[in-house]
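Have a look at the structure below, then the notes.
We did not get these values from a lab; they are worked out from the coordinates using the rules stated. Given the structure is predicted, the values throughout are model-derived calculations rather than measurements. Neighbour counts run over all protein chains shown; Cβ positions are idealised from the backbone, glycine included.
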Amino acid sequence: MKFIFSSKSKVFLYSFIFVLSNLQALSVDNLLKEAYQLQLEHSYIWKNLLHINDGEPSINNQDFLLSYPNFNLKKEFTMTLKSFFSRKNLDDAHAICKYPARYLWIKDALELSDKDFPKVTCSSLSKYLSLTSFEKMSLIFVSENVNSPSSMMGHIFFKISGKNSHNHITNDAVSFFTVIETINIASLMVKSLVTGMQGYFILKPYHLKMERYLKKENRNMWECELNLDEFSKKLIYLHFWELKDIDIKYLFTGFNCATIVSNMLAIRNKNYAQEQRLWITPKDVIKDAQKYGLIKLVIFYPSEDWYLNMLYEELGSNGEEIINQLNTKNIKDIKFSKDLKEALLEKELLIHYAKKEHKNNHLSKKTFEKIQTLYDKQINYPKLDFSEYKNPIKTPDDTQLTMGYYKKKKDYIQLQFLPASNYLHDDNREYFSENELKIGQLDLLINQNKVKVNQFDLYSMKSIVPWNPWTKNISKELKINYEQHYNNHKNYGAYNISGGLGYSKKIGEDIYLYSLFNIGLGYGDSRLYPYLFLDNGLLLYEIWNMKTTLNHQYIYNQDNSYKTYNKFELHQSIFLNENFNLNLKINYLDDNKNSEKNYGFGVSYFF
């Protein structure tokens, strides 16, 4: 059947279409005027949906920004709103399907409904909505791994869970990360700090993440359920979709996993959105979320090695006795403490030690099953809660500035800036172990004549993990830096790379001893030279919130003449509060012929 229109009918039809199109254009213009009056383009929600940091979009490409390459907030808002009324490509390619979070927020802000917009078919988005759920949304913090450049500050991502439209329970992880694909340090630093690396924003089953972090990487996880209203959760949930196919550059200091998560949480809270930090780290995100009341429940998942370490620290010689009984007695003859809590710790230790030994094929299946029976009998006992034992929220802030006096033959003002993360002499009691991690640390000596770079740490780490007979932890350190070397009673600046392995021991609750053997390569005083040094130390936490760090290094061939010298350093810290430390340090150098003593004091501010 064909429809035949007369000339008059055609004129009327074309006129009707023209009027309708102008009414729609007029309607969009009116909506834009209303939006400008409300200043929606300057809303903190709009800025964070666009990931605006320091006034600029962190995701600056044509797949994400409609106004690329001439971006501004108002132009992006205008083009976005107009695109929602477009009647072209009413399928997955339509703006409503590509930007569902923007659509949800603008629709709500202007008090519109779906009926006010063209009807589109978003088949891919509908599949995502049907297979996943956002009934519960959580932040997941994974403890630091100083051995991995992409994880040395920890990691943070979202978990979404609930029943989907098929009535299936779902638990999914949504995370942003990068992959280190080079061992070229110079190339890695340029890419991670300047040009950016390839970022990946993916959705993955949550149990795979737990398997990786808890078992393969031995890192702890904190699952923090978020206190969000339904609209905020849906906005974040839909924003995940907006980022899934976008080419995002990962910058270690500029746009990392913490930055992208922080932008999303800022959608919820105006005060949170105004929080200013020089460099956002995963710990900063957790602290800010706690500060602004976004966390309502925390579940702690310890890695097996960490849990054994913690039990070892808690039980000491009693724990060793339980393990010895396992090796020398029948399981039924093992004697536990009469104290209920002590006995519970001992059984936990026995069970988890057996699990580790069975996994490593050091314990028979039959013996393991007998111990597992012991676990089954323990179910009615009160459960242990170690969620507050080492809490990332309680760690000092990652950035610190130190100013003070330093005597090194001459009088200097010393200025130290650490963008991230912490010194060995800091308060590290809430970390997994005693450690030092310096990224971009700058140490300046200033007097009336000049400004001198005393030290610059591109990357420096030291991990002091106490050895125990069950986890057999190795302590280690690595430095890539510019530092002061010593030769014939003369200090000189040297470009340096060094690293080593060793052993550490925890004596009592607050005393650590360590010894590390290092090899290094230095270039200074117009020479390139390999060298060796033995690094020994003592860490002691004292009353009145103080900490003493004593270090001795026995150094060989640092001047390329097969000579040795000793370097001693004493550092006394007083932790005044969460933002301020007082520091006193003394350095002493001795090459058997000459000696040199330097000393100084300063105040550190954490922010």
Legend entry - Total lysine pairs under 16 Å (Cα atoms) in segment 464-607, excluding pairs fewer than 8 apart on one chain: 15
Inset, instruction - Return the subset of Lys74/Lys244; Lys338/Lys366; Lys409/Lys452 for which the Cα-Cα distance in this structure is over 20 Å, preserving the input order. - result: Lys74/Lys244; Lys338/Lys366
Inset, instruction - Compute the separation of the alpha-carbon centres of segment 554-606 and segment 398-422 and state it in Å as a whole number. - result: 13
Legend entry - Qualifying lysines (Cα of each under 17 Å from Cα of Lys291; at least 8 residues distant if same chain): Lys270, Lys283, Lys394
Legend entry - At R0 = 41 Å, FRET efficiency that the Cβ-Cβ distance of Lys341 and Val603 yields, to 0.05: 0.50
Inset, instruction - Would you mind classifying segment 74-173 by shape? Square roots of the alpha carbon gyration tensor eigenvalues, ordered a ≥ b ≥ c; an a/c under 1.5 is rounded, otherwise it is prolate if a/b is larger than b/c and oblate if not. - result: prolate
Inset, instruction - Would you mind classifying segment 289-372 by shape? Square roots of the alpha carbon gyration tensor eigenvalues, ordered a ≥ b ≥ c; an a/c under 1.5 is rounded, otherwise it is prolate if a/b is larger than b/c and oblate if not. - result: prolate
Inset, instruction - Apply the Karplus parameterisation 6.51 cos²θ - 1.76 cosθ + 1.60, with θ equal to phi minus 60°, to every residue of segment 268-274 and state each ³J(HN,Hα) to the nearest whole Hz, in sequence, with x for glycine and proline. - result: 7, 9, 5, 5, 4, 4, 8
Legend entry - Charge sum, other residues only, whose C-beta stays under 13 Å from Ile446's C-beta, Lys/Arg counted +1 and Asp/Glu -1: +2
Inset, instruction - Take the Cβ-Cβ distance between Asn592 and Leu532 as r, set R0 to 25 Å, and report the resulting FRET efficiency rounded to the nearest 0.05. - result: 0.90
Inset, instruction - Please give the peptides 213-221, 430-438, 60-68 ranked by average Cβ packing (other Cβ atoms within 10 Å per residue), highest first, as a rough proxy for protection. - result: 430-438, 213-221, 60-68
Inset, instruction - Compute the separation of the alpha-carbon centres of segment 290-311 and segment 77-127 and state it in Å as a whole number. - result: 40
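Could you compute the net charge surrounding Lys216? Neighbours are other residues with a C-beta less than 15 Å from the C-beta of Lys216; K and R count +1, D and E count -1.
Its environment carries a net charge of +3.
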Inset, instruction - Could I have the simple spin-label model distance between Gln276 and Ser364, label points 7 Å from Cα toward Cβ, reported in nm to one decimal? - result: 6.9
Inset, instruction - Compute all pairwise cysteine Cβ distances in the chain, then list the cysteines with no distance under 4.7 Å to another cysteine. - result: Cys224, Cys257
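Tell me the volume per residue, in Å³, of the convex hull enclosing the alpha carbons of segment 461-562.
About 115 Å³ per residue, rounded to a whole number.
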Legend entry - For the chain, radius of gyration divided by Kirkwood radius, i.e. Rg to Rh on alpha-carbons: 1.07
Inset, instruction - Find the Rg to Rh ratio for segment 24-122, where Rh is the Kirkwood radius over alpha-carbon pairs and Rg uses the same atoms. - result: 0.94
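DSSP loop chymotrypsin sites (Phe, Trp or Tyr not before Pro) in segment 450-548 with at most 13 other Cβ atoms within 10 Å of their Cβ, which ones?
Details: sites: Phe456, Tyr459, Trp467, Trp470, Tyr482, Tyr486, Tyr492, Tyr495, Tyr503, Tyr512, Tyr514, Phe517, Tyr523, Tyr531, Phe533, Tyr541, Trp544; in loops: Trp467, Trp470, Trp544.
Here the sparse-neighbourhood loop sites are Trp544.
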Inset, instruction - Grab the beta carbon distance between Glu217 and Asn30, set R0 = 41 Å, and tell me the FRET efficiency rounded to 0.05. - result: 0.15
Legend entry - the chain: relative contact order in percent, alpha carbon pairs under 8 Å with at least 6 residues between: 8
Legend entry - Intensity falloff of segment 523-607 expressed as log10 I(q)/I(0), Debye formula with alpha-carbon point scatterers, at q = 0.20 Å⁻¹: -0.95
Legend entry - Space enclosed by the convex hull of the alpha-carbon atoms of segment 132-301, per residue, Å³: 119
